[in-house]
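Input: a single structure, listed below in structure tokens.
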Amino acid sequence: MIDLAIGAELEAELDGVRRLGREFLRPLGIEADRNAAPVPPDHPFFAMVWRMGLGQPLGVQERPGSRGGARRGVVLAEEMSYWDRGMSVAMPGLGLGGPPLFTMGTPEQKERFLAPFRDRERPHWAAFAMTEPGAGSDVAAIETTAVRDGDTWVLRGAKTFISNAMRADWIVVWATVDRAAGRAGHRAFIVERGTPGLEDMRHEHKMGLIAYESSSFTLRDCPVPAANLLGGERHYAERAGFKGAMKSFNATRPAIAAMAIGIARAAYDAARDFARSHYALDRPIPRYQRVREKLARMARKLEVGRLLCWRAAYLADVEQPNEVEASMAKAFAATSAQEATGLAVEVLGDAGVTADGYVEKLYRDVKAMDIVEGTGQIQRIVIARRLVGLPNA
Amino acid sequence: MSFTLALSEEERLVQETARRFAEDRLLPRVRSHERARGVAPELVREFAALGLGGVEVGAFVRAIVLEELAAVDPGAAVALDGAGPAIPFLGRTTADPGFRAVVVDDVEEHFRLRDGRLDGQHPWVPADRIDVAVILHGDRAYLVREGWRLDAVQPCGLEAAGASRLALANAPVAAIDDAARARAHLRTWVAALLVGAARGAHRYAMRYALERTAFGRPIAHHQALAFLIADLATAVDAARLAVWRAAAGLDRGESAEWEAACALAEAAEQALLVGPSAVQILGGHGFMKDHPVEKWMRDIRTLAGLAGGRDAAEVAAAALAPEHEAGLR
């Protein structure tokens, strides 16, 4: 029989996140939203959590199975996002730069690039750069090129919507050595801050998730030492280039789905509390039945979405294939969460569309969950490939 | 160790046994059972001998078995699990193969209770013959052992289960339980059948879509249908997890009222998406009785009317929602 108890150890960790969330994550997220500006890297909060040993990767582990692995990941990801998803991405640490380093990096590279993250005095960030202005879902179409020149690779191109890139010690940048080869031509480089040619670093202005910065930058004849080719030449001789990137997505999709659930739960709680304090729900006012129905639908969908996330995470932990389940979780959770935040706005009525109501922020925030790390459409392609062998284009 | 979402070895064995019975024994006779408005007596005995029903089986295992049976024939599943949702209230009186019980949630108050007797009519129960009826009336569950009349009606689906109007004329009743618990069992039971029916319809349509070609390739490889097939697969899995959650709660002795209401609301919503979509995938062929998808579509519509229907489940979930804590538990 299934057992949905999360266990005392994880429960204790959750309590820690709740305290952090109530005191810092949510207030800072709301403040950033109102200021229309990300929380700056020198904000004392980041130094504080870094000294406490918190920070990313909360949701992604070096090895699946370590410290509760994927299950711990989805539970904590949901809770972090419940308090503020933007702040959970802003947390210092390796972020999405972690998985490729762990799965593809040579021992020397791991040693070298993890070193700054052992400094607990000052917070550090890493970043992951695949997306380009002209290549989102179709990652095989990236146009950033890498050309070997002696002991260096010269990178040319542009990356966009990259989380925490501006404050990162290093960025995992994906480029192609042979555009005709598609994914097989992909290489991952660690581009360190201050590398000449890493230019035009700028904020993008988003509709939500304001607390962390999404940046775009140009690689203008950017020379990267050959030693920064992630995994070394041998890794790509085995033609594992693209798989390296996809592997990190496989590990994170259930966690992203859980983040959507976390945002939806925040909307549910806000709507429920509003309904309790503003409406006498037992009075026979027709609209109140609709309010109840909306709350019920939100609660049900976020419960079912969570079960899909948990199943995908459980399978990852017991090392069973979870590709389809991870995509189902993400596709379902993201759309259900979008619906839930929209319903929350309706429950609040006119107050729902004002910033004071808070839920309109969640409605804006949650949209990204159906876009990042594989849009809902890409998830359906993944599922259909497995179920009916949907061919590539 | 944190949560687990897998079947035990024993549960997998039960699932496999039920699946084999459904595919080997029920599948060849789906249309004959439909015409006969009943399951062949030898199959009823055979199924009883497998020991997959009965009082000792908990709600979780029952949900697994019902899904397997309903994935082939939902009507036969109702007939074979004859005591069905009434089992938790009947004790050992249900050992006979062929025993049939119906549980009616009297949401529209068709029945009147006076001096320990029920009077009134319910427009449809999925049976042509019963040994006992359980009526959920107000906040109590009442056991009825005599004093009914069943008049056959023509149902939209679930023919193999039978279909009748149930009339009680001053039927003596005993209050056996609190209706909330009975409702939770009933809703979980119906939801498990819906999951099975939806799975059957989805799998059939998916296989068909790989064989049928249009515009030079299998129709499953046109993105419009590939996405629909992916969504339907997700729908089935979502509903199943909701059912498992409710059933596991019941087996742990929780009231699982909210979970069961959600399970039925979710299963009904998802199955009602899957059924007509499966027919759509087969196009004109789907509309014809040569393929079983039209039957699943009708069966799903019919199933989702049980237990007071989707409305009662959603209203129940809505009544509980403002008190519901959505946090991690």
Could you run through segment B:282-317 and say how many residues are β-branched (Val, Ile, Thr) and surrounded by fewer than 24 Cβ atoms within 10 Å (Cβ to Cβ)? 2
Considering residues of segment A:264-304 that are within 8 Å of another protein chain (Cβ to nearest Cβ) and more than 20 Å from residue B:316 (Cβ to Cβ) only, the residue surrounded by the most Cβ atoms within 10 Å (Cβ to Cβ): A:265
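Here is a list: B:166, B:194, B:186, B:158. Which entry is more than 12 Å from chain A (Cβ to nearest Cβ), in contact with a His (Cβ under 6 Å, 6 or more places away or on another chain) and of a type outside the set (S, T, N, Q)?
Numbers: B:194 fails: in contact with a His (Cβ under 6 Å, 6 or more places away or on another chain); B:186 fails: in contact with a His (Cβ under 6 Å, 6 or more places away or on another chain); B:158 fails: in contact with a His (Cβ under 6 Å, 6 or more places away or on another chain).
None of the others qualify; the one that does is B:166.
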Go through the residues of segment B:208-219 one by one and say whether even a single one is more than 21 Å from residue A:292 (Cα to Cα), of a type outside the set (Ser, Thr, Tyr), in contact with a helix residue (DSSP H, G or I) (Cβ under 8 Å, 6 or more places away or on another chain) and in a strand (DSSP E or B). yes
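For every residue, the table says whether it meets (1) open to solvent by 60 Å² or more (accessible area, probe 1.4 Å); (2) away from chain A (no Cβ under 14 Å); (3) under 30 Å from residue A:309 (Cα atoms); (4) part of a loop (DSSP other than H, G, I, E, B).
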position: B:2; (1), (2), (3), (4): no, no, yes, yes
position: B:6; (1), (2), (3), (4): no, no, yes, yes
position: B:10; (1), (2), (3), (4): yes, no, yes, no
position: B:15; (1), (2), (3), (4): no, no, yes, no
position: B:19; (1), (2), (3), (4): yes, yes, yes, no
position: B:24; (1), (2), (3), (4): yes, yes, no, no
position: B:30; (1), (2), (3), (4): no, yes, no, no
position: B:35; (1), (2), (3), (4): yes, yes, no, no
position: B:39; (1), (2), (3), (4): no, yes, no, yes
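State all residues of segment B:115-130 that are of a type in the set (D, E, K, R) and at pLDDT below 95; if no residue qualifies, say none. Working first, answer last.
As a first pass, look at segment B:115-130 and keep what is of a type in the set (D, E, K, R): B:115, B:117, B:119, B:128-129.
B:115, the sole residue that qualifies.
Going by the structure shown, is residue A:165 under 29 Å from residue A:87 (Cα atoms) and in contact with a strand residue (DSSP E or B) (Cβ under 8 Å, 6 or more places away or on another chain)? Give the steps one after another, and end with the answer.
Working: under 29 Å from residue A:87 (Cα atoms): yes; in contact with a strand residue (DSSP E or B) (Cβ under 8 Å, 6 or more places away or on another chain): yes.
For residue A:165, the condition - under 29 Å from residue A:87 (Cα atoms) and in contact with a strand residue (DSSP E or B) (Cβ under 8 Å, 6 or more places away or on another chain) - is met.
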What are the residues in segment A:4-20 that are within 22 Å of the chain's Cα centre (by Cα) and among the hydrophobic types (A, V, I, L, M, F, W, C), if any? A:10, A:14, A:17, A:20
Positions within segment B:287-329 being more than 9 Å from chain A (Cβ to nearest Cβ) and part of a loop (DSSP other than H, G, I, E, B), in sequence order: B:288, B:289, B:290, B:291, B:292, B:304, B:305
Of the numbered conditions (1) of a type outside the set (Lys, Arg); (2) within 14 Å of chain A (Cβ to nearest Cβ); (3) farther than 27 Å from residue B:230 by Cα, residue B:173 fails exactly one; give the number of that condition. (2)
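Do we have residue A:308 as assigned to a helix (DSSP H, G or I), closer than 27 Å to residue B:228 by Cβ and open to solvent by less than 10 Å² (accessible area, probe 1.4 Å) here? Step through it out loud before you land on a result.
Working: assigned to a helix (DSSP H, G or I): yes; closer than 27 Å to residue B:228 by Cβ: yes; open to solvent by less than 10 Å² (accessible area, probe 1.4 Å): yes.
Against the criterion (assigned to a helix (DSSP H, G or I), closer than 27 Å to residue B:228 by Cβ and open to solvent by less than 10 Å² (accessible area, probe 1.4 Å)), residue A:308 qualifies.
Based on this model, can you work out whether residue B:149 counts as over 30 Å from residue B:258 (Cβ atoms), touching a Gly at 6+ places or on another chain (Cβ under 9 Å) and either within 14 Å of chain A (Cβ to nearest Cβ) or among the basic types (Lys, Arg) (or both)?
Working: over 30 Å from residue B:258 (Cβ atoms): yes; touching a Gly at 6+ places or on another chain (Cβ under 9 Å): no; either within 14 Å of chain A (Cβ to nearest Cβ) or among the basic types (Lys, Arg) (or both): yes.
When the stated conditions are applied, residue B:149 does not pass them.
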Please specify each residue of segment B:256-266 satisfying the condition of being at the interface with another protein chain (Cβ under 10 Å from one of its Cβ atoms) and buried (at least 24 other Cβ atoms within 10 Å of the Cβ). B:259, B:261, B:262, B:263, B:265, B:266
Quick one: in segment B:241-255, of everything that is within 9 Å of another protein chain (Cβ to nearest Cβ) and open to solvent by 20 Å² or more (accessible area, probe 1.4 Å), which residue is farthest from the chain's Cα centre (by Cα)? B:252
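Residue-by-condition table, conditions (1) more than 14 Å from chain B (Cβ to nearest Cβ); (2) open to solvent by 20 Å² or more (accessible area, probe 1.4 Å); (3) hydroxyl-bearing (Ser, Thr, Tyr); (4) on the phi > 0 side of the Ramachandran plot:
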position	(1), (2), (3), (4)
A:72	no, no, no, no
A:79	no, no, no, no
A:94	yes, no, no, no
A:103	yes, yes, yes, no
A:107	yes, yes, no, no
A:119	yes, yes, no, no
A:130	yes, no, no, no
A:141	yes, yes, no, no
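The values are calculated or read from the model by the stated rules, or taken from the named source; none is laboratory data. Note that the structure is a prediction, hence the values are computed from the model and not measured. With ideal geometry, Cβ positions are generated from the backbone for all residues, glycine too; neighbour counts draw on all protein chains shown. To get the accessible areas, we keep the full protein, side chains included, count just its heavy atoms, and leave off ligands, DNA and RNA. Shrake-Rupley method; radii C 1.70, N 1.55, O 1.52, S 1.80 Å.
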